1. Roughly speaking, what is the stretch gain from Thr2 to Glu130, that is 0.36 nm per residue apart minus the C-alpha to C-alpha distance, in nm to one decimal?
2. With N set to the number of residues, divide the alpha-carbon radius of gyration of region 222-280 by 2.2 N^0.38 Å and report two decimals.
3. Roughly what would the spin-label model give for Asn39 and Glu85, points 7 Å off Cα along C-beta, in nm?
4. Out of Ala4, Asn39, Leu116, whose Cα points farthest toward the positive end of the dipole of the chain (charges: +1 Lys, Arg; -1 Asp, Glu; placed on Cβ)?
5. Evaluate the charge dipole of region 222-280 about its Cα centre and quote only its size in Debye, nearest 20, assuming +1 on the Cβ of each Lys and Arg and -1 on the Cβ of each Asp and Glu.
6. Under the rule of at least 5 residues apart or a separate chain, name every residue whose amide H is placed under 5 Å from the amide H of Val122.
7. Just name one of Pro274, Leu256, Gln223: the one whose Cα is farthest towards the positive end of the charge dipole of region 222-280 (beta-carbon charges, Lys/Arg +1, Asp/Glu -1).
8. For Arg70 and Gln219, FRET efficiency with R0 = 51 Å and r from the beta-carbon atoms, rounded to 0.05?
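FYI, it's all coordinate maths here, none of it is from the lab. Being a predicted model, the structure only gives us computed values, none of them experimental. No Cβ is skipped: glycine too gets one built from the backbone with ideal geometry, and neighbour counts run over all protein chains shown.
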Amino acid sequence: MTPAIETHGLTKSFGATLAVDRLDLRVEPGQVFGFLGPNGAGKTTTIRLLLALHHPTAGSARVFGLDSSRDSVAIHARCGYLPGEFELPRRMTGLRVLDWFARARGHVDQRWRDELVERFDVIVDRQIHELSKGNRQKLGIVLAFMHHPELLVLDEPTSGLDPLMQNEFQRLLRETIAEGRTVFLSSHELDEVQRVADRVAIIRAGRLVVTDTVDRLRQRAPQTIELRFATPVAPSVFESLGGVQRVTADGDRITLQTTGQLAQLLRVIADHDPVDVVARHADLDELFLSYYRQAGPGDDR
């Protein structure tokens, strides 16, 4: 099956700044693909390369098997795009904006558009400059989804949305995937991504750090163990043990981050008569931070 998105050695430089560095990605159809990284990691530049809003310095990008630069018009017709920062005509009402984009698209399902407007409680009778960030964002979601695109490219899509609208957006994503369409979701909101994504890629300083399913990434993530003792225990007792990645101490409490087998660690803990032990698996927040801690000084741009 032809990938929805595929890049090979994709690279983009702006003068001396290397924004995307030899990026290899493959996104299969019918999944939510989470693209994670902090601001400045290269997420938005990658999206702009996919949609031919930038042209690569080296390497290639293909969407639906089509060359992202040469076939950009055909690709745009099959995509819905919500930029991280987008501008709309300030003196137009929301309804006029929707109508204008519908005419430009030429194939918008009016009933579906109106359903989205209702679901997200979009204000359409006021001019854009009168709308809050959240209300502009809801309008952007409708613009991205209203023509039933095969691929949704979404850059920080829930920025400014309240929790109720975030939940509605997640429901919309699940419906989209159930219909066999694809979502490329760029975000630094890790909680959102782990709720909806099938696969996740983490990018750091323009380079791909890891790509895997959410479940497998969780399995590889450090486990946190919180310990409380009757009297303080030296952190050095745990620092040299196999699998222990991080130790923090606060009085009679010690917190460990560890991977791998726990037998040796549990024996050492038991030798010091803990009063309380709490263990929990890491979520994507902790995994994400663990990859970023591995970066040396000046590694991130």
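1. Stretched fully, the Thr2-Glu130 segment lengthens by 41.7 nm.
2. In units of the 2.2 N^0.38 Å rule of thumb, it is 0.97.
3. My value for the distance between the label points is 0.8 nm.
4. Working it through, the farthest residue towards the positive pole turns out to be Ala4.
5. Numbers: 5 positive and 7 negative charges, 38 e Å.
I would put it at about 180 debye.
6. Those qualifying (amide H under 5 Å, at least 5 residues apart or on another chain) number zero.
7. Positive-end residue among those listed: Gln223.
8. The formula returns an efficiency of 0.80 here.
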